[in-house]
Amino acid sequence: MISSQEARTTILSNVSPLPPKELPFTETLGLVLAEDIVSDLDIPPFNNSSMDGFAVRAEDTASAASDSPVSLRISGEIPAGEGKEFSLMPGEALRIMTGAPMPPGADAVVPKENTETRETTVLINNEAQKGEYVRLIGEDITKGLGVLKKGTTIRAPEIGLLASLGRSRVKVFRAPTVAVIGTGNELVEVNKPLLKGQIRDSNSYSLAAQINGCGAKSFRLGIAKDTREDTLAKISKGFEYDVVITIGGVSVGEYDFVNQVLKDLGAELKFWRIRQEPGKPLAFSVLKGKPVFGLPGNPVSAMVCFEEYVRPALLKMMGKTKLFRPEVSAVLDQDFKKEPGKIYFLRTKLERRNGTYFAKPTGPQGSGILRSMALADGIGIIPEESSLVKAGDKIRVQMIGLPEDH
């Protein structure tokens with residue numbers, strides 16, 4: 001058996017970002033840029049008004065006040081999107097809409113609410129300052145500016161920037177496709193009635209949700225029965241995808257065929273079993289450059305192993321650099337005993353009081369108690385060397401209850 005850290009290092013050294021792919025920018029949310037984005041124009045491309053009101057020469061409004069307004073002649077109107085040329089002469093004002101181009105001669109905008117209009121004149125009730133309510137050319141982005149760097153995760157603001165720049169297609173590291181294969185004669189699909197000795201397949205659904213949640217794409221290939229032939233067929237199908245995940249069948253039972261089938265296919269087994277709880281019987285192999293994760297069959301073990309090992313690998317394949325969950329230091333609210341020599345992943349509920357995090361275990365911690373994961377928003381890390389953590393001691397906690405933000 002190897003340590004948790006050794007397992008992470010081994011996995012991450014065997015995966016790389018997938019080749020870049022050019023996609024429509026509207027399909028890149030959550031993906032990572034594989035190119036630098038440089039602006040070929042100024043944004044905004046012209047001086048424009050940030051308010052509905054009147055374009056004026058600031059000097060024409062000198063000393064204007066509500067009790068002694070300045071009267072200016074209205075010489076026209078500039079709607080947004082107007083391409084017609086306007087100019088402003090001394091003593092004049094032009095009605096202007098938000099986003100409309102500033103006319104030559106104008107250097108300020110007086111908001112509509114600070115004016116009173118007559119038939120052909122406008123009364124200005126306050127003195128305007130040069131540049132007031134004017135958005136200048138290139139105020140946001142100047143031509144030639146490096147706007148987005150390779151390695152940037154695309155969020156809603158980045159989508160908007162790409163649209164502003166007219167970049168309808170961009171190069172990104174594509175999201176990996178992940179085959180999910182359940183194993184075991186006891187498993188049945190969700191919509192099937194349970195017979196004696198059977199359980200519904202929950203693992204492949206929770207794993208698929210975890211995969212999709214971090215931005216990769218899951219493909220459930222069904223349940224491999226406990227025969228070498230069916231296991232071989234399902235796993236062989238899995239290699240049509242970028243990553244293969246099997247659930248169960250990696251232990252030492254008479255019907256555990258996964259590792260043997262992978263060996264027969266020529267996969268290189270990098271490790272099998274980790275000094276941890278839950279999730280000790282984790283296997284990691286590589287075949288033709290594709291990673292294969294053999295997750296344990298118990299639902300908590302499978303989900304914890306995904307969090308600790310599979311998720312970081314998928315994020316790296318997507319070109320991301322923030323591979324791990326944020327961690328906080330939290331006060332454990334009750335004693336916790338464990339066997340020394342294994343790292344323990346404790347499902348916890350986090351609470352913040354007076355600036356300090358407190359971690360409370362989510363009840364029974366058995367590897368088959370899926371509810372312990374459903375109640376958790378943190379995974380507490382109890383080191384290998386510890387056998388007893390007392391109430392009041394601080395532990396590291398991975399925050400798994402946050403939205404995906406990598």
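Values quoted throughout were computed directly from the atomic coordinates according to the rules given, and no laboratory measurement underlies them. Everything numeric in this text was worked out from a predicted model, so none of it was measured. No Cβ is skipped: glycine too gets one built from the backbone with ideal geometry, and neighbour counts run over all protein chains shown.
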How much FRET efficiency would the formula 1/(1 + (r/R0)^6) give for Leu323 and Lys21, where r is the Cβ-Cβ distance and R0 is 25 Å, rounded to 0.05? 0.75
Segment 327-399: D in µm²/s via Stokes-Einstein (Kirkwood Rh, Cα pairs, 37 °C, 0.692 mPa s)? 271 µm²/s
Where the centroid of each part is defined by its Cα atoms, how far is segment 346-376 from segment 184-201 in Å? 29 Å
Testing the spin-label approximation: label points 7 Å from Cα along Cα→Cβ at Ser202 and Glu6. State their distance in nm. 3.3 nm
Of the labelled options [x] 30, 27, 20; [y] 35, 24, 23; [z] 62, 26, 18, which one gives semi-axes √(5λ) of the Cα gyration tensor in Å as computed for this structure? [z]
For Ala80 and Val188, compute 0.36 nm times the residue count separating them, minus their Cα-Cα distance, and round to one decimal in nm. 32.7 nm
Assign one of three labels to segment 48-135, namely rounded, prolate or oblate, based on the Cα gyration tensor with a ≥ b ≥ c the square roots of its eigenvalues; rounded applies when a/c is under 1.5, prolate when it is not and a/b is larger than b/c, and oblate otherwise. prolate
Most fluctuating residue of Asn203, Asn47, Asn259 in a GNM of the chain with Cα springs under 10 Å: which is it? Asn47
Note the full-extension length gain between Glu113 and Asp333 as 0.36 nm times their separation in residues minus their Cα-Cα distance, in nm to one decimal. 73.4 nm
The chain, relative contact order [Cα under 8 Å, separation at least 6], %: 16 percent
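Just subtract the alpha-carbon distance of Leu136 and Arg228 from 0.36 nm times their residue separation and send over the number in nm, one decimal.
Contour length minus the Cα-Cα distance gives 26.1 nm.
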Most fluctuating residue given options Pro312, Pro103, Pro340, as computed from a GNM of the chain linking Cα atoms under 10 Å: Pro103
Name the residue, out of Leu123, Leu12, Leu265, whose mean-square fluctuation peaks in a Gaussian network model built on the chain with Cα pairs under 10 Å. Leu123
In segment 88-120, what trypsin sites (Lys or Arg not before Pro) fall in a loop by DSSP, with at most 13 other Cβ atoms inside 10 Å? Arg118
Does segment 160-202 classify as rounded, prolate or oblate by the C-alpha gyration tensor (a ≥ b ≥ c root eigenvalues; a/c under 1.5 gives rounded; else a/b over b/c gives prolate, otherwise oblate)? prolate
Gyration tensor verdict on segment 244-346 (Cα atoms; rounded if a/c is under 1.5, prolate if a/b is larger than b/c, oblate otherwise): oblate
